[in-house]
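Written out below as structure tokens is the structure these notes cover.
The values are calculated or read from the model by the stated rules, or taken from the named source; none is laboratory data. Just so you know, these numbers come straight off a predicted model, no measurement behind them. Counting neighbours? That spans all protein chains shown, and the Cβs are built from the backbone with ideal geometry, glycine included.
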Amino acid sequence: MTTALSPRGKQGALLIAGILMIATTLRVTFTGAAPLLETIRSDYGLSTAQTGLLTTLPLLAFALVSPLAAGIARRFGMERSLFAAMLLICAGIALRSLPSAALLFAGTAIIGCGIALGNVLLPGLIKRDFSQHVARLTGAYSLTMGAAAALGSALVVPLALHGFGWRGALLMLMLFPLLAFLIWLPQWRTTRSANLSSSRAFHERGIWRSPLAWQVTLFLGLNSLIYYVIIGWLPTILISHGYSEAQAGSLHGLLQLATAAPGLAIPLILHRFNDQRWIAALVSLLCALGAAGLWFVPGQAIIWTLLFGFGSGATMILGLTFIGLRASSAHQAAALSGMAQSVGYLLAACGPPVMGKLHDASGSWYLPLSGVTVLAIIMAIFGLYAGRDREIAS
């Protein structure tokens with residue numbers, strides 16, 4: 001059993017504020033570049049596949065760094081590891097904004113390393129310190145993450161068009177990790193008796209042999225795959241259907257705002273049910289419907305964007321909540337988080353370049369969007385298994 005440490009009063013409020021502010025950096029610093037991909041590609045003369053690689057690099061970093069995050073936290077502590085994550089994100093943003101194609105790719109990869117640390121460690125931190133409120137806090141930080149991403153996507157194009165250029169617009173995104181760093185400062189010297197970083201449980205290899213762990217992993221992983229395909233290519237898809245760059249950027253921001261909306265509703269629903277199978281299947285099918293609609297009825301893109309965004313956001317919240325609910329301890333939650341994020345983002349890394357290749361080969365977005373639709377249906381099946389009221393054996 002996990003002992004709920006649940007910091008109270010000012011300490012607890014500062015910890016929650018820090019968690020939420022760190023959450024703002026875990027998406028916007030990566031996805032904020034998507035509305036400007038066409039401009040970046042034109043500036044550097046990149047091919048579609050190379051542009052897809054720009055979207056994929058952070059995902060590869062997620063996949064490679066996620067298994068190492070637990071060891072880093074054990075060596076330096078959870079709190080200091082999250083400081084390092086913010087510094088990496090800041091450094092990556094700075095490099096990405098310099099006038100060099102090589103530094104563009106290098107900076108993007110470094111941003112991915114920082115995000116990976118935060119992605120893995122936050123679920124374990126919540127399980128450790130707020131074990132009785134996993135769904136609520138997961139929903140809150142997912143809401144914050146999506147809202148920040150939506151804000152970033154909506155602002156980068158206007159900033160780029162009004163004197164900042166695309167480099168200056170992306171550099172402005174550094175405000176998020178800088179603020180997170182400042183708010184996290186009170187945690188620098190914090191230690192707790194049940195700190196995850198002091199436990200051998202970070203190295204639980206048995207988690208990789210658990211069918212339930214794999215069901216949670218693939219449910220979360222398939223969502224990551226289809227989300228990053230759509231988030232990476234949506235502006236380009238919309239522009240191909242006659243939308244302007246500004247309209248595509250606005251819908252891209254709307255997509256991320258829609259992913260944040262379930263943070264308000266899903267925790268309330270989860271609180272009422274021990275079994276989440278049908279909720280998981282339903283929100284997965286919303287993703288399938290949204291992806292199919294973008295091809296068949298592109299004139300109603302706002303509807304399909306909202307459906308896909310809500311479904312994907314709800315699926316992500318469910319997947320992250322499953323990490324806490326299916327784990328029998330905070331230590332096991334950290335191990336499951338590392339497994340799910342590593343495998344999930346390795347799958348996700350394949351998505352944007354493969355879909356870019358399919359587009360180049362076919363000359364349309366029919367095959368990529370059909371693939372996303374099928375994968376969302378498969379995700380619904382894994383959701384039926386991952387949503388059962390069970391725990392992974394200790």
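Matching residues to (1) of a type in the set (Val, Ile, Thr); (2) buried (at least 19 other Cβ atoms within 10 Å of the Cβ); (3) assigned to a helix (DSSP H, G or I):
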site: HIS252; (1), (2), (3): no, yes, yes
site: ALA265; (1), (2), (3): no, no, yes
site: VAL283; (1), (2), (3): yes, yes, yes
site: TRP304; (1), (2), (3): no, yes, yes
site: ALA314; (1), (2), (3): no, yes, yes
site: THR321; (1), (2), (3): yes, yes, yes
site: ALA333; (1), (2), (3): no, yes, yes
site: MET355; (1), (2), (3): no, yes, yes
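Just to check your reading of the model, which residue among LEU182, LEU175, LEU125 is in contact (Cβ under 8 Å) with a residue 12 or more places away in the chain and of a type outside the set (Ser, Thr, Tyr)? Step through it out loud before you land on a result.
Working: LEU182 fails: in contact (Cβ under 8 Å) with a residue 12 or more places away in the chain; LEU175 fails: in contact (Cβ under 8 Å) with a residue 12 or more places away in the chain.
Just one listed residue meets the conditions, LEU125.
Quick check on my filter: what residues within region 228-249 are at pLDDT 85 or above and farther than 22 Å from LEU26 by Cβ?
THR236, ILE237, LEU238, ILE239, SER240, HIS241, GLY242, TYR243, SER244, GLN247, ALA248
Kindly indicate whether LEU68 is touching a helix residue (DSSP H, G or I) at 6+ places or on another chain (Cβ under 9 Å) and either acidic (Asp, Glu) or crowded, with 19+ Cβ neighbours inside 10 Å (or both). Full working, then the answer.
On the way: touching a helix residue (DSSP H, G or I) at 6+ places or on another chain (Cβ under 9 Å): yes; either acidic (Asp, Glu) or crowded, with 19+ Cβ neighbours inside 10 Å (or both): no.
The answer is no for LEU68.
I'm told GLY165 meets every condition in (1) free of Cβ contacts under 8 Å to residues at least 40 places away in the same chain; (2) crowded, with 24+ Cβ neighbours inside 10 Å except one. Can you identify the failing condition by its number?
If we test GLY165 against (1) free of Cβ contacts under 8 Å to residues at least 40 places away in the same chain; (2) crowded, with 24+ Cβ neighbours inside 10 Å, just (2) comes out false.
Please go through region 83-113 and give me each residue that is over 20 Å from MET339 (Cβ atoms), in contact (Cβ under 8 Å) with a residue 60 or more places away in the chain and in a helix (DSSP H, G or I), ordered by number. Give the derivation first.
Quick first cut of region 83-113, residues over 20 Å from MET339 (Cβ atoms) only: 83-84, 86-111.
Those still in the list that are in contact (Cβ under 8 Å) with a residue 60 or more places away in the chain too: 83, 86-87, 89-90, 92-94, 96-99, 104, 108, 111.
PHE83, MET86, LEU87, ILE89, CYS90, GLY92, ILE93, ALA94, ARG96, LEU104, THR108, ILE111 - these are the residues of region 83-113 that are over 20 Å from MET339 (Cβ atoms), in contact (Cβ under 8 Å) with a residue 60 or more places away in the chain and in a helix (DSSP H, G or I).
Is it true that GLY77 is within 14 Å of LEU170 (Cβ to Cβ), crowded, with 19+ Cβ neighbours inside 10 Å and over 17 Å from the mean Cα position of the chain (by Cα)?
Answer is no for this residue.
So ALA70 ticks every box in (1) assigned to a helix (DSSP H, G or I); (2) over 24 Å from GLY344 (Cα atoms) but one. Which box is left unticked?
(2)
Quick test for you: out of ILE323, ILE279, pick the one residue that is closer than 20 Å to GLU391 by Cβ and in contact with a Pro (Cβ under 8 Å, 6 or more places away or on another chain).
Working: ILE279 fails: in contact with a Pro (Cβ under 8 Å, 6 or more places away or on another chain).
Exactly one of ILE323, ILE279 is closer than 20 Å to GLU391 by Cβ and in contact with a Pro (Cβ under 8 Å, 6 or more places away or on another chain), namely ILE323.
Between residues in region 294-316 that are touching a residue at least 12 places away in the same chain (Cβ under 8 Å) and residues that are of a type in the set (A, V, I, L, M) and not in a helix (DSSP H, G or I), which pairs lie under 7 Å by C-beta distance while being six or more apart or on different chains?
Filtered contacts from region 294-316: PHE310/ALA261; GLY313/ALA261.
Would you point out the residue of region 131-146, among those that are of a type in the set (S, T, N, Q) and within 21 Å of LEU254 (Cβ to Cβ), that is nearest to the chain's Cα centre (by Cα)? Spell out how you get there, then give the answer.
Filtering region 131-146 down to residues of a type in the set (S, T, N, Q) leaves 131-132, 138, 142, 144.
In the following step, the residues that additionally are within 21 Å of LEU254 (Cβ to Cβ) were identified as 142, 144.
Numbers: SER142: 9, THR144: 12 Å.
Ranking the qualifying residues of region 131-146, first place goes to SER142.
Within region 210-227, is even one residue over 13 Å from the mean Cα position of the chain (by Cα) and at pLDDT below 90? Full working, then the answer.
Keep residues of region 210-227 that are over 13 Å from the mean Cα position of the chain (by Cα), which gives 210-219.
Then keep just the ones that are at pLDDT below 90; that gives none.
No, that holds for no residue.
Would a scan of region 118-129 turn up a residue that is closer than 25 Å to GLY309 by Cα and at pLDDT 90 or above?
yes
Does region 9-38 hold any residues that are modelled with pLDDT under 90 and of a type outside the set (A, V, I, L, M), and which are they?
GLY9, LYS10, GLN11, GLY12, ARG27, THR29, PHE30, THR31, GLY32, PRO35, GLU38
Here is a list: ARG128, ARG96. Which entry is buried (at least 19 other Cβ atoms within 10 Å of the Cβ), touching a helix residue (DSSP H, G or I) at 6+ places or on another chain (Cβ under 8 Å), more than 15 Å from LEU36 (Cβ to Cβ) and among the charged types (D, E, K, R)? Before you say what the answer is, go through the steps one by one.
Details: ARG96 fails: more than 15 Å from LEU36 (Cβ to Cβ).
Result of the check over ARG128, ARG96: ARG128.
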